[in-house]
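The next block holds one structure in the form of C-alpha cells; read it before the comments.
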Amino acid sequence: MSSINIKGYRDGLKVYVNSCSYQQLREELAQRIMRARDFFTGCRMYIVDEQKNISLDCYREIENYLREEFGITLLYQKGDKEEKKEKIFSGIYEGRTKFFKNTIRSGQRITYNGNIVVIGDINSGAEIVANGNIIVLGTLRGMAHAGYNGNKRAFVAAYILQPSQLRIADIIARSPDERTEKSSIPEVARIKDDIIIIEPYLPNKYL
C-alpha cells in the first residue's frame, strides 16, 4: 500500500498521509515529485494527516525541503472532513487550462497541472500528461494520461481517438491493433466501473 495519495483540487494538491513514518513520507513524496517535476514545481500543496502521524517538527522539515528544492508552498491539515463536499475538476471549464496551438510530434512530452487543449494532432511517440482533462482538436495517436494525480473524473476527448496508450488516473488501456475505422464524430474516453470506455461525444452529457 502506498504511503501517500495525491489528488488535485481547485485550491491546490492534497497529499493524504496513510500510516507511515516520517522517512517513508519524505522519500515517497520526493519520488512522486521527481517523476513529474513540471506538475509540482511552484504549486500549493496540503498535507492531510487525519491519523496525526507527522509531528510539527517533521512537517517543518518537509516544508523547508519542498520550498527549497521545488518552490512548493506546503500547508498542513489534521483532517479533511469537508473534502466530500468539494469536487475534483470534472469538466473543461474547471481548473487551469493550457492551450497548445500546434501538432505534438514524436519524442515530445507535455505535462501540465491542469487541463490540456491541443489544437492540432498528437503523433505516435508523443506523450501528453495532465492532472485534469485532455482535449485534442485533431487526431490522438500518441500516449495520453489524464487525471495523473488520481482524478478519475477526468476524460480524454479527440476528433479521432486512436492512442497508442490511454491512461486516466491509475487505469490503463491500449488501443486495439485491429481498430482501423475512424469515427465520424468526436469521441470521449472516460472511466466507468473502473475501466476506460470510449463513446461518442454528446454535448448534453459533457457540458
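The table that follows gives values for the structure above.
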item	result
For E28: the one exception among (1) at pLDDT 80 or above; (2) touching a Lys or Arg at 6+ places or on another chain (Cβ under 6 Å)	(2)
Criterion (of a type in the set (A, V, I, L, M) and assigned to a loop (DSSP other than H, G, I, E, B)) met by exactly one of A158, A154	A154
Which listed residue, of K52, K78, is modelled with pLDDT under 80, among the charged types (D, E, K, R) and at negative phi	K78
Residues within region 137-169 that are farther than 20 Å from T97 by Cα and modelled with pLDDT under 90, tallied	0
Criterion (in contact with a Gly (Cβ under 6 Å, 6 or more places away or on another chain), surrounded by 12 or more Cβ atoms within 10 Å (Cβ to Cβ) and outside the structural domain of T111 (by TED's automatic domain parsing)) met by exactly one of R32, R26, R44	R44
Complete set of residues in region 81-127 that are modelled with pLDDT of 90 or more and hydrophobic (A, V, I, L, M, F, W, C)	F99, F100, I104, I110, I116, V117, V118, I119, I122, A126
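The values are calculated or read from the model by the stated rules, or taken from the named source; none is laboratory data. Because the structure is predicted, anything quoted here is derived from the model rather than measured. Please note: Cβ atoms are built from the backbone with ideal geometry, for glycine as well, and neighbour counts cover all protein chains shown.
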